[in-house]
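These notes concern the structure reproduced below.
The values are calculated or read from the model by the stated rules, or taken from the named source; none is laboratory data. In this text, all values refer to a predicted model and were calculated from it rather than measured experimentally. Cβ placement follows ideal geometry from the backbone for every residue including glycine, while neighbour counts extend to all protein chains displayed.
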Amino acid sequence: MNRIFPIPFYSFCKTVYNNGGLSRSGLLHSFSWLVKTTASEPFRWIELALHNNKIESYQIEQDPVFILGYYRSGTTYFQHLFMQDDRFGYTSLYQTIFPELMLTFEKSMTPLLEKIAKIFKSQNHFHRTQLTWYSPGEEDIALMSSLNPDTAQWGVLFPGNSMKYFQEYTLFETITDVDLNKWKQQYLYLIKKISIANKNKQLILKSPPNTARIQQLLRMFPNAKFIYISRHPLDVYSSCKCLWQMIHKRYMLGKYSPEATDKIIIETYSQMMDRYIADKNLIPEERLVEVCYEDFIMHPIEIIEKVYLQLNLDSFEFCRAAMNEFALAQKNYQMLNHSLDKIEAGEVQQKLSAYIDYWQTIRHSAQYKKVAI
């Protein structure tokens with residue numbers, strides 16, 4: 001596959017054109033994209049020249065562990081805990097933003113970017129924490145950062161086409177087999193790069209769209225293991241409303257409508273959950289754990305220890321002290337209260353009632369008791 005052309009600058013302009021152009025705020029937000037695609041192009045060619053053949057022939061020794069769950073369900077915190085176990089690898093923020101440069105320049109660029117972030121006291125606006133380039137990222141954002149036009153994440157930056165991207169590249173319902181195979185090739189290529197960057201460690205990966213991709217993930221990684229995190233749907237909805245507002249303020253390229261994005265949250269959550277519930281039985285029982293977010297936040301170490309046991313992830317004693325230290329450091333983290341007015345809460349509860357029932361089932365099911373305290 002030709003990975004030199006089209007050049008990212010052209011791909012970005014074409015993506016903007018295909019999505020109806022930029023909004024007023026999108027004009028400002030596009031500046032960083034234009035700078036990145038222009039400044040990084042020579043280095044992208046260097047990385048391709050040095051590493052492309054190795055990536056193409058590389059074999060992943062251990063299939064990944066996938067953390068599943070809709071946006072704002074606690075997947076990032078779960079992955080943060082796994083990061084305390086250095087026997088595993090993960091997608092760093094650097095790899096997410098600069099996927100085309102991860103193998104050649106990550107070691108030299110990350111310390112410099114860390115110093116810049118500290119000098120300017122940069123914040124991770126998604127999680128209201130100090131920005132660090134070592135924090136976990138997501139594969140779907142990495143695909144978008146590499147200017148791949150065939151990724152679901154563009155639907156976040158162009159909400160007018162959000163459902164189109166969701167149907168095509170999360171559910172894979174409206175694309176051809178040729179395009180699906182193309183997406184698989186691009187995704188596998190990225191995972192190979194991440195695996196090489198992590199010295200062939202077993203990867204712990206989290207990207208919310210994967211919640212609806214169990215069929216495709218099992219075809220690519222037959223021995224993969226899965227952790228599904230379930231949070232009360234009303235809390236997910238209210239938190240996602242704030243997430244969309246933040247993305248609009250800082251990153252969005254297309255036009256934004258709060259009413260439209262509220263509908264997007266309901267529809268994508270419902271369809272993602274329907275697909276997950278329909279396909280989770282494809283996963284052997286010993287390779288899937290379902291965890292309740294509310295209990296995990298209260299008892300993170302006890303829950304993750306049981307996850308290690310059920311998924312047979314080596315000895316938990318190796319990382320218990322590090323995970324305890326990290327969990328204690330998070331005690332002072334102040335969660336936002338995303339309250340809804342009674343009318344909206346009632347309407348959302350009615351629309352998501354089936355998934356509220358499923359969340360309650362996870363809290364009380366026999367399977368969940370295997371990982372409960």
For segment 250-268 the number of residues that are among the basic types (Lys, Arg) and in contact (Cβ under 8 Å) with a residue 24 or more places away in the chain is 2
Within the bounds of segment 311-318, is there any residue that is in contact with a strand residue (DSSP E or B) (Cβ under 8 Å, 6 or more places away or on another chain) and modelled with pLDDT of 95 or more? yes
With (1) in contact with an Asp or Glu (Cβ under 9 Å, 6 or more places away or on another chain); (2) in contact (Cβ under 8 Å) with a residue 60 or more places away in the chain; (3) in a helix (DSSP H, G or I); (4) closer than 26 Å to residue 220 by Cβ as the list, and residue 314 as the residue in question, which single condition is left unmet? (3)
Show the residue pairs that are 6+ apart or on different chains and have beta-carbon atoms under 8 Å apart, the first residue being within segment 152-165 and outside any loop (DSSP other than H, G, I, E, B), the second being among the charged types (D, E, K, R). 155/164; 159/255; 160/255; 163/267
First in segment 269-287 and farther than 22 Å from residue 351 by Cα, second anywhere and assigned to a helix (DSSP H, G or I) and among the β-branched types (Val, Ile, Thr), Cβ under 6 Å, 6 or more apart: 282/214
Which condition number in (1) surrounded by 16 or more Cβ atoms within 10 Å (Cβ to Cβ); (2) over 30 Å from residue 62 (Cβ atoms) is the one that residue 308 fails? (2)
Evaluation of residue 114 against (1) loosely packed, with under 14 Cβ neighbours inside 10 Å; (2) over 30 Å from residue 313 (Cα atoms); (3) acidic (Asp, Glu) (one fails), failing number: (1)
Six or more apart or on different chains, Cβ atoms under 9 Å: show the pairs whose first residue is in segment 355-370 and outside any helix (DSSP H, G or I) and whose second is of a type in the set (Asp, Glu) and at pLDDT 95 or above. 365/290
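Here is a yes/no grid of residues against (1) of a type in the set (S, T, N, Q); (2) over 15 Å from the mean Cα position of the chain (by Cα):
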residue	(1), (2)
169	no, no
177	no, yes
183	no, yes
187	no, no
197	no, yes
210	yes, no
218	no, yes
Restricting to segment 2-61, name every residue that is in a helix (DSSP H, G or I), surrounded by fewer than 16 Cβ atoms within 10 Å (Cβ to Cβ) and either touching a Gly at 6+ places or on another chain (Cβ under 8 Å) or acidic (Asp, Glu) (or both). 41, 56
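Listed here are the residues, each with its yes/no results for (1) charged (D, E, K, R); (2) over 15 Å from residue 91 (Cβ atoms); (3) in contact with a helix residue (DSSP H, G or I) (Cβ under 6 Å, 6 or more places away or on another chain).
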position	(1), (2), (3)
136	no, no, yes
153	no, no, yes
160	no, yes, no
173	yes, yes, yes
179	yes, yes, no
195	no, no, no
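Here's the yes/no breakdown for (1) closer than 30 Å to residue 242 by Cβ; (2) part of a helix (DSSP H, G or I); (3) in contact (Cβ under 8 Å) with a residue 40 or more places away in the chain:
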site	(1), (2), (3)
67	yes, no, yes
70	yes, no, yes
79	yes, yes, yes
85	no, no, yes
105	no, yes, yes
108	no, yes, no
112	no, yes, no
117	yes, yes, no
Testing residue 321 on (1) modelled with pLDDT of 95 or more; (2) closer than 26 Å to residue 271 by Cβ, one condition comes back false. Which one is that? (2)
Might you let me know whether segment 328-339 holds any residue that is crowded, with 17+ Cβ neighbours inside 10 Å, hydroxyl-bearing (Ser, Thr, Tyr) and in contact (Cβ under 8 Å) with a residue 12 or more places away in the chain? no
